[in-house]
Ligand SMILES: Nc1ncnc2c1ncn2[C@@H]1O[C@H](COP(=O)(O)OP(=O)(O)OP(=O)(O)O)[C@@H](O)[C@H]1O
Ligand SMILES: [Mg+2]
């Protein structure tokens, strides 16, 4: 069976600096995969190569292949904008469009895709806000600015915005690191629901979070400052946290470095 995501021999550069080297891994559909590893080992860079966001950075360059359901995202004639629609992203700091209403924030991506009837838009906005577990809190203030929500609500708004366009994959880069514990738990719960419909990849520095939410965990590391980050191992999360194959993984998860 085809893997949803299949990465082979991937390198990513910032100008002359190779940030990640020779990464190969697969991601199963309808699962949560966590990326862990010390700061600077290239987790965010790698995540951004998965939806062609890396090349938006000046000097950003990628070698290797990333297949989504057997189609190479870096193949000739592939439109990066459509890739980013299929593979959505949620960032560390909630970034709703500040002057836009809650409604318009969720509808923004759909409008970019072309004209959608108002009634249809209403339906999708409601469904996405429900999907992001935010509907009850905002249904009476849909026309108020997104910036007026709490941090945790803003992050769920960003998730609603991301899922409104029905992506196949959702990439999340430390989505809870700016949130309080209650909002963090709300987002973690949400991930459990979302993985019924989407494939999720999350970067986290929180080991408990990786253990709680993910099915598989990938540990990345770098040999030293200026060295490229590499994938050390990827395995079932339970195994990574109980009996990893590589000593460096054990050292990292037990807090001996990083
Ligand atoms: N825009 C950029 N320009 C140049 N180098 C960059 C840029 N962004 C990241 N890098 C470099 O690429 C390497 C990997 O960085 P990246 O942000 O992917 O690491 P990370 O694992 O996400 O770290 P953290 O856990 O701190 O978020 C680092 O050496 C970093 O300095
Ligand atoms: Mg990062």
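Read the figures in this text as sums done on the coordinates, not as results from a lab. Computed from a predicted structure; not experimentally measured. In this analysis, Cβ positions are derived from the backbone assuming ideal geometry, glycine residues included, and neighbour counts consider all displayed protein chains.
The calculated FRET efficiency for the pair residue 168 and residue 126, based on their C-beta separation and a Förster distance of 30 Å, comes to about 0.90. A Cα-only calculation for region 166-258 places Rg and Dmax at 14.1, 41 Å.
Taking 4 °C and 1.567 mPa s as the conditions, I'd like the Stokes-Einstein D for region 80-177 in µm²/s, using the Kirkwood hydrodynamic radius from alpha carbon pairs. The diffusion coefficient I find is 98 µm²/s. Once the Cα atoms are used to define both axes, helix 181-194 deviates from the longest principal axis of the chain by about 90 degrees.
Normalised Debye scattering of region 1-116 at q = 0.13 Å⁻¹ gives log10 I(q)/I(0) of -0.60, counting only Cα atoms as equal scatterers and leaving out solvent. The Stokes-Einstein estimate for region 97-152, based on a Kirkwood radius over Cα pairs and taken at 10 °C with 1.306 mPa s viscosity, is a diffusion coefficient of 138 µm²/s.
When 205, 17, 76 are ordered from fewest to most other Cβ atoms inside 10 Å of their Cβ, what list results?
Values: 205 15, 17 10, 76 5.
Lowest to highest Cβ neighbour count: 76, 17, 205.
By the Kirkwood approach, averaging reciprocal distances over each pair of separate Cα atoms, region 159-217 gets a hydrodynamic radius of 11.8 Å. Applying 1/(1 + (r/R0)^6) with r as the Cβ-Cβ distance of residue 117 and residue 247 and R0 = 51 angstrom yields a FRET efficiency of 0.30.
Its alpha carbons give the chain an Rg and a Dmax of 18.3, 56 Å.
Between helix 102-112 and the chain there is an angle of about 70 degrees, using the helix long axis and the longest principal axis of the Cα atoms. When the alpha carbon gyration tensor of region 28-91 is reduced to an equivalent ellipsoid, its three semi-axes come out at 19, 16, 11 angstrom, largest first.
Annotation: the residues 33, 184, sorted from fewest to most other C-beta atoms within 10 Å of their own C-beta, follow the order 184, 33.
Each of 172, 53 was scored by other Cβ atoms within 10 Å of its Cβ. Arranged with the fewest first, they read 53, 172. Stretching residue 26 away from residue 108 to a fully extended chain increases their span by 26.4 nm, per 0.36 nm per residue minus the current alpha-carbon distance.
In this simple spin-label approximation, residue 223 and residue 92 carry label points 7 Å from Cα along the Cα→Cβ vector, and these lie 2.6 nm apart.
For the chain, the longest principal axis of the Cα atoms and the long axis of helix 151-164 meet at an angle of about 90 degrees. Here the extension length gained between residue 193 and residue 78 equals 38.3 nm, from 0.36 nm per residue of separation less the Cα-Cα distance.
Please work out the ratio of the alpha-carbon Rg of region 1-48 to 2.2 N^0.38 Å and round it to two decimals.
Working: Rg = 12.1 Å, N = 48, 2.2 N^0.38 = 9.6 Å.
Expressed relative to 2.2 N^0.38 Å, the Cα Rg reads 1.26.
Considering only 57, 237, 199, the mean-square fluctuation computed in a Gaussian network model of the chain, springs between alpha carbons under 10 angstrom, is largest for 57.
Just order 78-86, 60-68 by mean Cβ neighbour count inside 10 Å, highest at the front, would you?
60-68, 78-86
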